[in-house]
Structure formats: structure tokens, C-alpha cells
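Step one of this worksheet: look at the structure below.
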Amino acid sequence: MSGAIDVARLRDPRLHPIADKVMASERLTPDEGVALYSTTDLLGLGTLTDFANRRRNGDRVFFSANQHINPTNVCVLRNTCVFCSFARMPKEDGAYTRSLDEVFHEAEQARGTPTREFHIVGGLHPKLRLGYYTDLIRGLKERHPQVHIKALTAVEIAHLARIEKTSEREVLLAMKDAGLTSLPGGGAEVFSSAVRATIAERKLTGEEWLRVHRVAHELGIPTNCTMLYGHVETAEDRIAHLEQLRALQDDTGGFLTYIPLAYHPDHNELGEEMGRVGTATTGYEDLKNIAVGRLFLDNIPHVKTHWPMVTPFLSQIALDFGCDDVEGTVVYERIYHEAGALTDMHLPYLELVRLIRGAGKRPVERDSLYRAVREQFDDPPPEPSFRRGGALPVVHAA
Ligand code: V47
């Protein structure tokens, strides 16, 4: 890495003082964050953010061998989270709820593969109790002891606490006891109460989301964080969201990675209102959100690109815009594909290695806690028995 940014070469003069701060490892202010969002000097932004990322991670890029599992799409917020295409009411067409055996069957896909993480999220089911999830985690750990469980968003944790009439702490403790490793970062959306009133009226508030993550961190459960961008939010809303994540991280240090999530408008009410189909964001916006996340969240170790949403090729380019972490093999993906994502559901392990190497970076397979698992890829690991374009496993109605 060269020791300095050539500030004079940055086309947007507003980036010059920010570049000086980045080089001095000084924290950016909210106004500077908003300026970063408004610049059209994308290459200048990339220069700053690549500097910050290389200082932290060198040329290492992490990825995981993981499998997403969605035990149910039934969600009591179905009619009020207007950006979501995944959720169904219990009796609605397409609603499903898996028995434990059905989930275990789907997880068998991982056997004989390098899979090290199950990423488990669903909906706020009115009848699935805490015991279902603790049995699920225990059953998966028994069958796949080497696999970490990253399960349930803060929204689901708060919902379980409500229906069990207990605290979020108790729910998290029970899940940890069953074998939970970490929490995914979903459900954060944008913390602004005005934005939430428009896109997710009855979802837990930003303060509640942050509280669940704080409690998880206190219990030694690391978590991820996200922001859903590309709908009704402003640059100021985004920066206020990032500020709150940064403040919590200052207190706890419990966030592992930040994942900006690109809104997809198909098959949901918000997309219809916006008159959008296909994609709502652009490649430019996607790269900016990665870059601003890396520069503003100076205390979160990793920034992840979610290739199912922005395509593997854009994820590859994001590696020059501050990103050091690529979503893994995934295997089955429902949330974005219901909302119109046109990517494959599964990215073969060696394709991830190829994309990272193709960007001149060094791939590192990691576990859920970002410990390196594998850095040599000459002896290809086995893939899940999944065929490109293959059907999702059969699901039974709710
Ligand atoms: O919270 C829902 C988003 C999230 C849409 O922690 C949508 O490693 C776009 O959080 N268009 C859940 N996004 C997924 C999530 C996640 C993904 C990958 C990795 C990790 C991690 C976490 O999906 C929801 C919401 O923000 N979402 N609907 C939509 N139409």
C-alpha cells in the first residue's frame, strides 16, 4: 500500500479535507458523511475508501461457505412492512412453515461440503415459540457440529420475547445455550422514525433494534448490522443511521460486519407506489453505500457486499471501494429473489475464490467469527449437491 493519498488528484475539492482526515485516521462528521453521499467523484471516493480498507485488511478478502435457511415466511407484519416481498399471512397463498425435520432435511445439503455457517431468518410467526428455535439450533448443532449458527434478526428476538412474555435477554440466553454463535444484521432498515412510519410502520423502532444488539453484545454474542437503502430515505437519514451504529459499536465493540442492503422493488407495495420494477438502486449508488459505510464506520472491522442483491460482478468491483467481505455460497435465497433479484441463488465456492482473485485480492475463507479457515485453494473442496437453477426444496403450507 502506498503511504498516502494523492489529494491533488481527487476531482471533487470537497474530498480533499476528508482525504486528510482519512489519512490521519480521524473520525468523519455527519456533514462529511453527507458530502460523501453527494459527490459524483466516484473514483475519488474509491481512492479514499480503498486506502482505509487496505490499511485495515491489506489485500485480504473474506468469504464464507454458508447456507441460508428460512424456516417460515409467515409474518404478522406482512401488511405493514411494505418493502418486503417475502412475508405472507398465515392463510395466504405461498405461506409456508417448516417442521424441524424439514429444516434438518434442507440442512443435509451441507453434509460433505465446506459449509461452516447456517444463516437462519424467517418471519414473525404468531405460533412458533422459542422452543421451536432452540430445538432447531440444537438439532442442527448435533447434526453439523462444525457449523456455526447465525440466527434470527433483532426483530424476531423481540417478537419471541413478546409472545413468551419474557425479556429479550432471556431469549438470547436460551438461544446461546442451544448453540447460537451470532445474530444477523437484518431488520434495521433505516432507523429514522419518519422513514419507518412509511416503510415499516409496526416494526420495532430503531432504538429497540439497537437495544437487542446491545444486549446480545453484553452476552458475548457478536452481531452484524445492516441498512436498507434505495427507497424513501435521504442521505441525512442514512448518515444518522450509520451514526447510531457507530455509537453502539463505540460502547460494545460487538458488531462484526456492516452490510448495506440494496432495496428491490418487485412484488411489494412500496415498489408499486414508487413505480419501480427490476432494481431500485444503481451500480453507482451500490458502490457509494459500500464506500461511505467503510469510511464512516471507522470502528466496525468488516464491510460485506451482498452479491445476491447487487450481482457477483458488482460485488467484485466493490472490493476496490472498501469492501473486504463477500457474502458466501448462500445455496438457497428467498428474500431478495421474491423481490425480483435476478442473480443465481448459489455461488459455487470456487467461483467466489475466482471473483476475489480476479480483483487482485487474496481470498480467505472465514468462519462466522472471522477466523481464517482456509487460504489455499488448490485442492477444490466439494460443493453442495445443488444444481444451478435447481428448484427450491418442497415446502409445506403453513
Ligand atoms: O431486514 C427485505 C431486507 C433483510 C427486501 O447479517 C429487502 O450477514 C431488499 O439482513 N429488497 C434481511 N431488501 C436480510 C439481512 C441479511 C442479508 C445478508 C447477510 C446478512 C448478515 C443479513 O432483507 C431485511 C430487509 O432489510 N429486505 N425485503 C427487499 N424487497
Original post:
Somewhere in the stretch 190-198, is a residue in contact (Cβ under 8 Å) with a residue 60 or more places away in the chain and within 12 Å of the ligand (Cβ to nearest atom)?
Top reply: no
**OP:** For Asp177, state whether it is under 30 Å from Ala19 (Cα atoms), modelled with pLDDT of 95 or more and either charged (D, E, K, R) or away from the ligand (no atom under 14 Å from the Cβ) (or both).
**Re:** no
Subject >> Where Met23 falls short, out of the listed (1) buried (at least 19 other Cβ atoms within 10 Å of the Cβ); (2) under 14 Å from Phe296 (Cα atoms) >> reply: (1)
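Quick one: is Asp135 at pLDDT 95 or above, surrounded by fewer than 17 Cβ atoms within 10 Å (Cβ to Cβ), over 17 Å from the mean Cα position of the chain (by Cα) and under 22 Å from His302 (Cβ atoms)? Give the derivation first.
On the way: at pLDDT 95 or above: yes; surrounded by fewer than 17 Cβ atoms within 10 Å (Cβ to Cβ): yes; over 17 Å from the mean Cα position of the chain (by Cα): yes; under 22 Å from His302 (Cβ atoms): no.
The answer is no for Asp135.
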Subject >> Meets criteria (out of contact with any His (no Cβ under 9 Å at 6 or more places or on another chain) and on the phi > 0 side of the Ramachandran plot) for Lys165 >> reply: yes
Original post:
Does the stretch 297-332 hold any residues that are surrounded by 24 or more Cβ atoms within 10 Å (Cβ to Cβ) and more than 16 Å from the chain's Cα centre (by Cα), and which are they?
Top reply: Phe321
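Would a scan of the stretch 145-155 turn up a residue that is part of a helix (DSSP H, G or I), modelled with pLDDT of 95 or more, buried (at least 19 other Cβ atoms within 10 Å of the Cβ) and away from the ligand (no atom under 16 Å from the Cβ)?
If we filter the stretch 145-155 for residues that are part of a helix (DSSP H, G or I), which is where we start, we get 154-155.
From the residues that got through so far, the ones that are modelled with pLDDT of 95 or more too are 154-155.
Still in the list and also buried (at least 19 other Cβ atoms within 10 Å of the Cβ): 154-155.
Among the residues that remain, those that are also away from the ligand (no atom under 16 Å from the Cβ) are: none.
No.
Do the conditions hold for Leu160, that is, is it buried (at least 22 other Cβ atoms within 10 Å of the Cβ), more than 14 Å from the ligand (Cβ to nearest atom) and free of Cβ contacts under 8 Å to residues at least 40 places away in the same chain?
Details: buried (at least 22 other Cβ atoms within 10 Å of the Cβ): yes; more than 14 Å from the ligand (Cβ to nearest atom): yes; free of Cβ contacts under 8 Å to residues at least 40 places away in the same chain: yes.
For Leu160, the condition - buried (at least 22 other Cβ atoms within 10 Å of the Cβ), more than 14 Å from the ligand (Cβ to nearest atom) and free of Cβ contacts under 8 Å to residues at least 40 places away in the same chain - is met.
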Subject >> Matching residues in the stretch 224-243 - criterion: being near the ligand (Cβ under 10 Å from one of its atoms), closer than 30 Å to Thr166 by Cβ and not β-branched (Val, Ile, Thr) >> reply: Asn224, Cys225, Met227, Leu228
**OP:** Search the stretch 244-296 for residues being near the ligand (Cβ under 10 Å from one of its atoms), assigned to a loop (DSSP other than H, G, I, E, B) and not aliphatic (A, V, I, L, M), and hand back the single one that is surrounded by the fewest Cβ atoms within 10 Å (Cβ to Cβ).
**Re:** His267
Subject >> Checking Ile221 against (1) within 14 Å of the ligand (Cβ to nearest atom); (2) at pLDDT 95 or above; (3) not in a loop (DSSP other than H, G, I, E, B), the condition it does not meet >> reply: (3)
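With Glu108, Glu102 as the choices, which residue is among the acidic types (Asp, Glu), farther than 30 Å from Lys21 by Cα and without any contact (Cβ under 8 Å) to a residue 40 or more places away in the chain? Let's see the steps before the verdict.
On the way: Glu102 fails: without any contact (Cβ under 8 Å) to a residue 40 or more places away in the chain.
Of the residues listed, the single one that is among the acidic types (Asp, Glu), farther than 30 Å from Lys21 by Cα and without any contact (Cβ under 8 Å) to a residue 40 or more places away in the chain is Glu108.
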Original post:
Does Thr329 satisfy being in contact (Cβ under 8 Å) with a residue 40 or more places away in the chain, hydroxyl-bearing (Ser, Thr, Tyr) and in a loop (DSSP other than H, G, I, E, B)?
Top reply: yes
**OP:** Taking the options Ala197, Ala188, name whichever one is surrounded by fewer than 21 Cβ atoms within 10 Å (Cβ to Cβ) and of a type outside the set (Asp, Glu).
**Re:** Ala197
Subject >> Residues of the stretch 334-364 classified as under 12 Å from Val61 (Cα atoms), in contact (Cβ under 8 Å) with a residue 12 or more places away in the chain and away from the ligand (no atom under 15 Å from the Cβ), total >> reply: 10
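The values are calculated or read from the model by the stated rules, or taken from the named source; none is laboratory data. This structure is a prediction, so every number in the text was calculated from the model and none was measured. Reconstructed Cβ throughout: ideal geometry from the backbone, glycine too, with neighbour counts over all protein chains shown.
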